[in-house]
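Visitor: I have a structure here, written as structure tokens, and I will follow up with some questions on it.
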Amino acid sequence: MIALIWAEDQNGLIGKQGQLPWHLPADMRRFKTLTTGHHVVMGRKTFMGFKRPLPRRTNWVLSQQSDLVLPSDVHRLSNVAEIQTLAAVHPNEPIFVIGGAVVFEAVLPVADYLYRTRINASFEGDTWMPAVDYTQWQLVHQQIGTVDEKNQYPYEFDDFRRR
Ligand SMILES: NC(=O)c1ccc[n+]([C@@H]2O[C@H](COP(=O)([O-])OP(=O)(O)OC[C@H]3O[C@@H](n4cnc5c(N)ncnc54)[C@H](OP(=O)(O)O)[C@@H]3O)[C@@H](O)[C@H]2O)c1
């Protein structure tokens, strides 16, 4: 199963100068809970925004650069078909595709599941989620986030399965 997981603001914004535009620890916690122990696939630019590979996950970086230098515990995939092969080799495990926008656009047509965090606020940035045709997706779970001193924006977690 190929699952996209991302957080967007009310305008579909997802990135700012290689980083997330907001600080929302509850979303980071959910991301960690869902993805730990699993395969995570990310674009080369998203990987470059990390200080290190995501711990306790198998990190895969999507890049067309065959000479890309990566840490020894990080693997490269060169196209979407290779993500599908990875999913076929691990039929009982989710393969989490964690962004960014270019990767989401490429993988959306073959995704089975979406984990979306919607932050009901507006931020500044430079990278947006590609358009998702939600008529093709069924909302299977929704959880409204708790706003507190550490999580200052209204937010919700929405899970979709392909119809
Ligand atoms: N809010 C969120 O949930 C979230 C999640 C992730 C990232 N982000 C944000 O998104 C931004 C980065 O996104 P981005 O769209 O600029 O870059 P990106 O998708 O992370 O990376 C783009 C790169 O990935 C490789 N790539 C993408 N599609 C490919 C394909 N089909 N086949 C082979 N390689 C492919 C290419 O690398 P090469 O050029 O090396 O070939 C491409 O230049 C950052 O600001 C980040 O913080 C936000």
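Visitor: In whole percent, what relative contact order does region 2-162 give with Cα contacts below 8 Å and a gap of six or more residues?
Guide: 34 percent
Visitor: Separate question: Can you list residues whose amide H is under 5 Å from residue 127's amide H, if they're 5+ apart or on another chain and H is modeled 1.01 Å from N?
Guide: Long-range HN contacts for residue 127: 14, 15.
Visitor: Give me the net charge of residue 147's neighbourhood, meaning all other residues with Cβ under 13 Å from the Cβ of residue 147; Lys, Arg count +1, Asp, Glu -1.
Guide: Within the 13 Å Cβ shell, the charges total -3.
Visitor: Let me ask something else about it. List, in order, the whole-Hz ³J(HN,Hα) value for each residue of region 43-60 obtained from phi through the Karplus relation with A = 6.51, B = -1.76, C = 1.60 and θ = phi - 60°; use x for Gly and Pro.
Guide: x, 4, 6, 4, 4, 5, x, 8, 6, 7, x, 5, x, 6, 9, 8, 8, 10
Visitor: Give me the percent of DSSP beta bridges within the chain that run antiparallel, rounded to the nearest 5.
Guide: 45 percent
Visitor: Also: So which lysines pass the test for residue 16, namely a Cα distance under 20 Å, with those fewer than 8 places away in the same chain ruled out?
Guide: List returned: 45, 51.
Visitor: Evaluate 2.2 N^0.38 Å with N set to the residue count of the chain, then give the Cα radius of gyration divided by it.
Guide: In units of the 2.2 N^0.38 Å rule of thumb, it is 1.00.
Visitor: Distance between Cα centroids, region 1-64 to region 86-101: provide it in whole Å.
Guide: 13 Å
Visitor: On the protein heavy atoms, probe 1.4 angstrom, tell me the percent of accessible surface of region 66-113 carried by carbon and sulfur.
Guide: 54 percent
Visitor: Another question, then. Relative to the first principal axis of the alpha-carbon coordinates of the chain, what is the inclination of helix 80-89, with its axis defined by its Cα atoms, in degrees from 0 to 90 and to the nearest 10?
Guide: Rounded to the nearest ten degrees, it is 80.
Visitor: With a probe of 1.4 Å, find how much accessible area region 59-118 has per residue, and write the answer as a whole number in Å².
Guide: I get 49 Å² per residue for region 59-118.
The values are calculated or read from the model by the stated rules, or taken from the named source; none is laboratory data. Every value quoted in this text rests on a predicted model; they were computed, and no experiment measured them. All Cβ positions, even for glycine, are placed from backbone atoms using ideal geometry, and neighbour counts span all protein chains on display. Note: areas computed on protein heavy atoms with side chains; ligands, DNA, RNA excluded. Shrake-Rupley method; radii C 1.70, N 1.55, O 1.52, S 1.80 Å.
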